[in-house]
Amino acid sequence: MRAEDWDARYAERQQWSADPNALVAELLRDLPPGTAVDLAAGEGRHALWLAGRGWRVTAVDFSATGLARGQAQPGADRVTWVTADVTAWDAAPASADLVLVAYLHLPDPPMTDVLRRAVGWLRPGGRFLLLGHDVDNPTAGVGGPQDPAILHSTDRLAPVAELLDVDRLEQVTRGTPAGTALDTLLWGRRPAGPVGGRR
Ligand SMILES: C[S@@+](CC[C@H](N)C(=O)[O-])C[C@H]1O[C@@H](n2cnc3c(N)ncnc32)[C@H](O)[C@@H]1O
């Protein structure tokens with residue numbers, strides 16, 4: 001989908017709950033606050049939740065309409081909101097304590113390149129969290145995009161995982177009112193040394 005399509009979708013109504021995804025909250029809740037990039041932040045539910053916990057968050061999305069909804073929320077002044085295409089945007093290398101990528105779905109290319117570049121924004125030891133719809137979801141889950149070409153899988157994320165010390169790379173379930181959805185989770189940290197310098 002193009003930025004205009006997302007703008008139209010966000011203009012129609014609020015798309016996501018204001019609460020963070022439960023697994024995102026579970027994994028990030030106990031981290032000490034630092035600097036974070038929320039890539040494809042949408043209406044900013046995660047950026048706002050992190051900011052409320054003391055994080056300095058840069059929320060990036062190409063939908064100005066989505067970001068505007070986040071900017072209107074309490075605590076929005078503690079988030080840096082950036083309207084940009086994630087395929088072109090860059091953060092300073094080795095600067096972030098956390099990169100969060102929740103439900104960003106792009107074809108490949110450019111998906112893997114975007115994610116590998118995003119790992120490079122982490123300081124050594126910094127945390128990488130990707131959560132998104134799994135490639136099995138259209139046939140065995142509920143909701144979400146149906147085009148397998150833009151869905152995640154543990155295999156597709158392998159070139160990103162190889163840059164990280166991985167804690168979890170797996171298919172996970174998510175309860176929804178319509179039934180059980182299938183997501184892919186990549187949760188790891190950047191090792192010491194230059195990204196891509198291993199193997
Ligand atoms: C399903 S929403 C997820 C929003 C948010 N991460 C969340 O979990 O609530 C996907 C977001 O990706 C954004 N997006 C898709 N392609 C993008 C691109 N190339 N550059 C920037 N944002 C993009 C859309 O505008 C949309 O806000």
Rounded to 5, the percent of DSSP beta bridges in the chain classed as antiparallel: 45 percent
Test of understanding: ordering His46, His133 by Cβ neighbours within 10 Å, fewest first, what list do you get? His133, His46
For region 1-126, build the convex hull from the C-alpha positions and give me its volume per residue in Å³. 97 Å³
Amide H partners (placed H, <5 Å) of Leu122, local residues excluded: Ala94, Ser95, Ala96
Measuring from a point 7 Å past the Cα of Ala18 along Cα-to-C-beta, which residues in region 37-65 have an amide N at less than 19 Å? 41-55, 65
Exposure proxy ranking, count of Cβ atoms within 10 Å, fewest first, for Arg123, Arg29: Arg29, Arg123
Counting pairs of alpha carbon atoms under 8 Å apart in space and at least six apart in sequence, what relative contact order in percent does region 97-199 give? 32 percent
Expected unfolding gain across Glu162-Ala92 under the 0.36 nm per residue rule, minus the alpha-carbon gap, is 23.1 nm
What percentages make up the Cα-Cα pair-distance distribution of region 35-189 when the bins are 5 Å wide from 0? 2, 10, 18, 21, 21, 17, 9, 2, 0
Listing Arg69, Arg190, Arg56 by rising number of other beta-carbon atoms within 10 angstrom, fewest first, gives Arg56, Arg69, Arg190
Counting pairs of alpha carbon atoms under 8 Å apart in space and at least six apart in sequence, what relative contact order in percent does the chain give? 16 percent
Please give the charge dipole size of region 35-189, origin at the Cα centre, charges +1 on K and R Cβ atoms and -1 on D and E Cβ atoms. Round to the nearest 20 debye. 560 debye
Sorted on mean Cβ neighbours within 10 Å (highest first), peptides 137-144, 176-183 come out as 137-144, 176-183
Whole-Hz ³J(HN,Hα) from phi, Karplus 6.51 cos²θ - 1.76 cosθ + 1.60, for region 23-28, glycine and proline x: 6, 4, 5, 4, 6, 9
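Read-outs throughout are calculated quantities, based only on the coordinates presented, and are distinct from any laboratory measurement. All values reported here derive from a predicted model rather than from experimental measurement. Quick reminder, even Gly has a Cβ in these numbers, built from the backbone with ideal geometry, and neighbours come from all protein chains shown.
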